[in-house]
1. Please give me the summed charge of the neighbours of K15: other residues whose Cβ is under 15 Å from its Cβ, Lys and Arg +1, Asp and Glu -1.
2. Once neighbouring chains are kept in place and the probe is 1.4 Å, which whole percent of the accessible area of the chain is contributed by carbon and sulfur?
3. Rank by packing, highest mean first: peptides 216-229, 175-188, with packing defined as the count of other Cβ atoms within 10 Å averaged across residues.
4. Just to confirm the filter: which trypsin sites (Lys or Arg not before Pro) across region 1-71 are DSSP coil and have at most 12 other Cβ within 10 angstrom of their Cβ?
5. Would you mind computing, in nm to one decimal, how far apart the modelled labels at R27 and E149 are, each placed 7 Å from Cα along Cα→Cβ?
6. Using the crude model of +1 on Lys and Arg Cβ and -1 on Asp and Glu Cβ, and no other charge, please compute the dipole size for region 128-178 relative to its Cα centre, in debye to 20.
7. Given Cα pairs under 8 Å that are at least 6 residues apart, what percent is the relative contact order of the chain?
8. Can you tell me, using C-alpha contacts under 8 Å and at least 6 residues apart, the relative contact order of region 187-227 as a whole percent?
Amino acid sequence: MKHPVAYFESIVGEKILAFPSRTGCVRTASGEVYFLKSGEESRAFRCEACGLNELASAGAVRTAEAVSAGDDYILTRHIDGTRPRHGFFERFGRELAWLHRHAAPSFGFCEDNFIGATPQMNIPSEEERGDWTAFYFNKRLLYQFRLAEQNGYAVPELRRGFARLESQIESILKGSDEPPALLHGDLWSGNFMCDPSGRPVLIDPAVYYGHRETDLAMTKLFGGFPPAFYDAYREAWPLKPGWEYREGVYTLYHVLNHLNIFGESYLYGALNLMKRY
């Protein structure tokens, strides 16, 4: 990391007493604590800060506050994480529904960002701005499939499954139209916290405006959240009929992304999701 302690002292406005070598807590003379994440130069740090700010603008779910970001770091206010207490997931479900009520005029986002280590394409074409099916297929599924081709994972069965999915995507998503909702974009159990007061806190987003069912589908990728979370969400904002059927095609984006990042162990899961359609 190239930034000296003096650089961060200028950001926080006071003397720093403890500073991690790469990632960890930054402690100041007045007792303020920040969290520093750093690494090789990448747009990802600035994109993360932009996403956190967008989520915070909705005023629905607490987020880690981005203090500063650069080409090789992001500095946020530190949050002490605690174990979720009784009622946490009910509150989380309601607050996520409120977050999703924050809408935009078009699908996508003001910039491309990242989903894990993979670039995420968010700038819509004129057609995609108001057409969720076109946006989701082109910017999510097709982009990941082409990466799979480049990475050597597009075996004949995957190609056939994707071609079949492409021919049916209009009918799969038909009737689910809703305004573009503000999404966390990568909402699994590792990307939220419980603060000392029991509030949910969102971290590490891959923000864009899209269909809210995609956020809910991602929560189930690694075992899902407790039933109370989903019950509270649907009570706050019921889902449109057919959401169970559409869930697989939204999960597919993340499984293909994991295939491209982590390799062939995710190929079977991608094929199984395609077979649903």
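The values are calculated or read from the model by the stated rules, or taken from the named source; none is laboratory data. These figures come from a predicted structure and were not determined experimentally. No Cβ is skipped: glycine too gets one built from the backbone with ideal geometry, and neighbour counts run over all protein chains shown. Surface areas here come from the heavy atoms of the whole protein model, side chains and all, with no ligands, DNA or RNA. Shrake-Rupley method; radii C 1.70, N 1.55, O 1.52, S 1.80 Å.
1. Spelling it out: positives minus negatives among the neighbours equals -2.
2. 51
3. 175-188, 216-229
4. Answer in residue order: K2, K15, R22.
5. 5.4
6. The calculation lands at about 180 debye.
7. Across the chain, relative contact order equals 20 percent.
8. Computed over region 187-227, the figure is 48 percent.
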